[in-house]
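The block underneath contains the structure these notes are about, expressed in structure tokens.
The values are calculated or read from the model by the stated rules, or taken from the named source; none is laboratory data. A quick note: this is a predicted structure, and the numbers were derived from the prediction, not measured. Here the Cβ is made from the backbone with ideal geometry for all residues, glycine too, and neighbour counts use every protein chain on show.
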Amino acid sequence: MGVLVESDPVGTHRVLEPRGALPQAAARLDARPELWPDEVRIRVERLNLDAASYRQLAEKHGEDRDALRAEVLDIVATRGKMQNPVTGSGGMLIGVVEEVGPSSPLGLSVGDRVATLVSLTLTPLVITDGLTAWDGAGEQVPTAGHAILFGRSIAAVLPADLATEDALSVMDVCGAPALTARVVAQYAEGDAVVTVIGAAGKSGSLSLAAARAAGATRLIGVVPHEAEAAALRASGLADEIVVADARDPQGLRAGVAMAGGPGQVTVVCVDVPGCEGGAILATRAGGTVIFFSMATSFSAAALGAEGLAADVTMLVGNGYVPGHADLALDLYRSSPGVRALFASRR
């Protein structure tokens, strides 16, 4: 098959079902390796499943790692992309640029090692090695195959000074610190108190560092148990630490209040459902809640805020802010506490 001549920079030409849908909403994508003129093909080296998706799959299959691998393979083969049918989420990947269409606007060259900064839920993907190198014990999935980037996809060349696994982990969550910094800067001239729920995780630790850099005066980190509290305490990223179940609205509100909240900004970085009400109660009137969890329910957040008569702005982190990868990588490089928490998650 020769090079095809018509394409849509957002990728609708790759949608097989239903016709007219955007790639993320599509049930099935065309993942053939032949390129349209504005596309790029990546030789895949590693997938990074998003936390909500991996948690759901791991809990479903328990110790049966063969079944876990088989389900991921089935999803990709059936849908032409990695999109967990339960969580709706995917992740990202790294690989080497294999071919660049003559009209590609992405600025990539053959041989570049890159991380894709768009979700696997909209990235045409083929896996060719049966996931034989993946033990199923973590979110990072060594594999082989190819993926396709569209004219409006985003990818970043991997930095030479960081290990591949570290760079992938940072870039996987780089939208969270960038949006956190933008929002906190709007409050930074006053007494900016920021609460991060899931503060010892990857996106949580980077969000704490970003909030500090943006001018926050008090950082409250919320974690689910004492082991994470100890790790967060050792990192020095938070001024106050609250051990609370984020799914317990009243317990979370009380813990945050005792730590000096409620704050103007609350950032939700946990991958379990049911955290909407607590996040709203932990935020003062006129403040902002940023939801970065793929487990967030829009209806629960919207109706919950209405039912609580809560005057808060609620933002859904979409994973893209201009300059987000560079910001996250700089925070990782400059913060020993962030690096320590990332290391504890390996």
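Observations
- Test: residue in region 38-56 that is of a type in the set (Asp, Glu), assigned by TED's automatic domain parsing to the domain that holds VAL126 and loosely packed, with under 15 Cβ neighbours inside 10 Å: no
- Pick from region 59-76, criterion among the hydrophobic types (A, V, I, L, M, F, W, C) and touching a residue at least 12 places away in the same chain (Cβ under 8 Å), ranking: farthest from ARG28 (Cα to Cα): LEU68
- Just one of the numbered conditions (1) modelled with pLDDT under 95; (2) outside the structural domain of PRO33 (by TED's automatic domain parsing); (3) over 20 Å from SER334 (Cβ atoms); (4) not acidic (Asp, Glu) is not true of ALA188: (3).
- Members of region 203-231 found to be closer than 23 Å to GLY323 by Cα and either part of a loop (DSSP other than H, G, I, E, B) or among the aromatic types (Phe, Trp, Tyr) (or both), listed by number: ALA214, GLY215, ALA216
- Residues of region 77-108 that turn out to be assigned to a loop (DSSP other than H, G, I, E, B), closer than 16 Å to ARG28 by Cα and hydroxyl-bearing (Ser, Thr, Tyr), as a count: 1
- Restricted to strands (runs of 3 or more DSSP E) entirely inside region 112-202, those with at least 2 residues that are within 30 Å of SER7 (Cα to Cα) and in contact with a Pro (Cβ under 6 Å, 6 or more places away or on another chain) are 140-149.
- Residue selected from region 110-164 under the condition among the charged types (D, E, K, R) and over 15 Å from the mean Cα position of the chain (by Cα), by the criterion nearest to ALA27 (Cα to Cα): ARG152
- Residue within region 311-328 that is modelled with pLDDT of 95 or more, within 26 Å of ALA227 (Cβ to Cβ) and not β-branched (Val, Ile, Thr) present: yes
- Failed condition for THR132, given (1) of a type in the set (Ser, Thr, Tyr); (2) under 15 Å from VAL40 (Cβ atoms); (3) free of Cβ contacts under 8 Å to residues at least 12 places away in the same chain: (2)
- Contact map, region 92-113: first residue over 29 Å from ALA51 (Cβ atoms), second residue exposed (fewer than 14 other Cβ atoms within 10 Å of the Cβ) and of a type outside the set (Gly, Ala, Ser), Cβ cut-off under 9 Å, separation 6 or more or different chains; pairs are GLU99/VAL110; VAL100/VAL110; GLY101/VAL3; PRO102/VAL3; PRO105/ARG152.
- When the test is whether a residue is in the same structural domain as ALA155 (by TED's automatic domain parsing), touching a Pro at 6+ places or on another chain (Cβ under 6 Å), within 14 Å of ALA147 (Cβ to Cβ) and crowded, with 21+ Cβ neighbours inside 10 Å, GLY90 does not pass it.
- Scanning region 69-107 for residues that are farther than 25 Å from VAL173 by Cα and polar (S, T, N, Q) yields THR78, SER103, SER104.
- Residue ranges of strands (runs of 3 or more DSSP E) in region 237-344 with at least 3 members farther than 22 Å from GLU139 by Cα and in contact (Cβ under 8 Å) with a residue 40 or more places away in the chain: 263-268, 283-291
- Some residue of region 49-70 being assigned to a helix (DSSP H, G or I), in contact with a His (Cβ under 7 Å, 6 or more places away or on another chain) and farther than 19 Å from GLY95 by Cβ: yes
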